[in-house]
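What follows is calculated from the coordinates using simple rules that are stated; it is not laboratory data. Just so it is clear, the structure is predicted and the values come from calculations on it, not from any experiment. As a convention, Cβ positions derive from the backbone with ideal geometry for all residues, glycine included, and neighbour counts pool all protein chains shown.
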Amino acid sequence: MRLCFLVEEQYRYDGMPVEVICQLTAWGHRVDVLRPGSSLVRLSEAVRTGSHDAWVLKTVSGGPGLSLLEAAAAVGLTTVNDARSIRGVRDKVLAAVIGRSRGLPMPVTYAAARPEALGELPETEFPLVVKPADGSSGRAVRLVPSPDRLAELAGELSGEGMLIAQPYVRNSGIDLKVYCVGGELYATERCSPLHPDRPAHERRVPLSAEVARMAAEVGVVYGLDLYGVDVLLGPDGPVIVDVNDFPSFRLVPDAAERVARAVLVLAREGGAVSGTGGAGALTGEGRTGPEMDEAGSFTDGTGPRTDRTGASADGTGAGADRTGASTDRTGAGADETGASADGTEPGTAEIIPLPEPARGPVRFRATAAGDGR
């Protein structure tokens, strides 16, 4: 297969995607690397029907990579994840509306284009967690304890564009991160960036059935195949506070191989199965096909073997045929680590909470929770 990875400078030397690219080329697939943040792209040549079996995005939110991925999707190329689904989680305003309208346990969310507009919220809503609507990797996330502190931060927040604010969910200061790859779920815990005074070593942990069902539902709602979910264990149960496409997959065993196999499956099958959700949500229907061998090739060249819920029946996650030459691997990877005011009359911005969920039945994708060992 021939694949194109969109990789921004921030991820130039990161294991995700460098190790994934190395694994794919070791299996005999060709991987082209495009750096959208530093390259002059001749669109008529780079983005054309039939140029690649799939395009894969590993870039920051708000960067130029997503526009190129959407261009690839527009000419019929497969994208990993689905380009519409990526847009649905990278815009945190859109993600909040989609998630709550589909019944996911997410905090009440407010949106405002000017930080001073958030000052109209009653004091009972504080503490607030305020962050840019296009933020990623924890950038500019702030715990704001009071209206007075919000006023002090107005200058810092004014350059962040659209902001979202959510009432703080009281918790232990430990974040739970759930990764989904190849239909399997793995959980890790780590110290919350909002509570740096509570050190905790990042480690694999067992995944409860409740959190596993919730994380699997995230993939269905947003139409994602490779993703991460940030979960807080609040006083009223687990709460989703963020969803990321193509995360670091830190501490996932054999992560590079698992992600590489998943990419090949999606490339071979033409991407995620789309449903009726606002971001191309998955329907949860299963697909069938043959197995893939350990070298990354399908046994009969037609597709992976899956069960009726869409997950690999043997847990390996993917495969593909060998049709391309390996690249020189010189250009990839990187380090991971409401309503707006109309601007016509200062101080009149309206704060509108995003809608309450309309609950209904949701079909789940097959998952396998990490055992924590």
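At full extension, VAL75 and SER208 could sit 43.7 nm farther apart than now, given 0.36 nm per residue minus the alpha carbon distance.
In percent, rounded to a whole number, the relative contact order of region 1-111 is 26, using alpha-carbon pairs under 8 Å and six or more apart. Its relative contact order, with pairs defined as Cα atoms under 8 Å and 6+ residues apart, puts region 158-242 at 32 percent.
On average, how much area does the Cα convex hull of region 55-159 cover when viewed from any direction, in nm²?
Answer in nm², one decimal: 7.7.
Between the residues GLY173, LEU233, VAL263, the greatest Cα displacement towards the positive end of the dipole of region 164-264, with unit charges on the Cβ of Lys, Arg, Asp and Glu, is found for GLY173. Using the average count of surrounding beta-carbon atoms within 10 Å as a protection proxy, the listed peptides 148-155, 129-136, 15-22 rank, highest first, as 15-22, 129-136, 148-155. What is region 1-90 by shape, rounded, prolate or oblate, if you read a ≥ b ≥ c off the alpha carbon gyration tensor as root eigenvalues and call it rounded for a/c under 1.5, prolate for a/b larger than b/c, and oblate otherwise? Taking the square roots of the gyration eigenvalues as a ≥ b ≥ c, region 1-90 is rounded. For region 1-45, the relative contact order works out to 54 percent when only alpha carbon pairs closer than 8 Å and six or more residues apart are counted.
Taking label points 7 Å from Cα along the Cα-to-Cβ direction, MET162 and VAL141 give a separation of 2.0 nm. Segment ARG198..LEU40, full-extension length gain: 52.4 nm, with 0.36 nm per residue of separation and the alpha-carbon distance subtracted.
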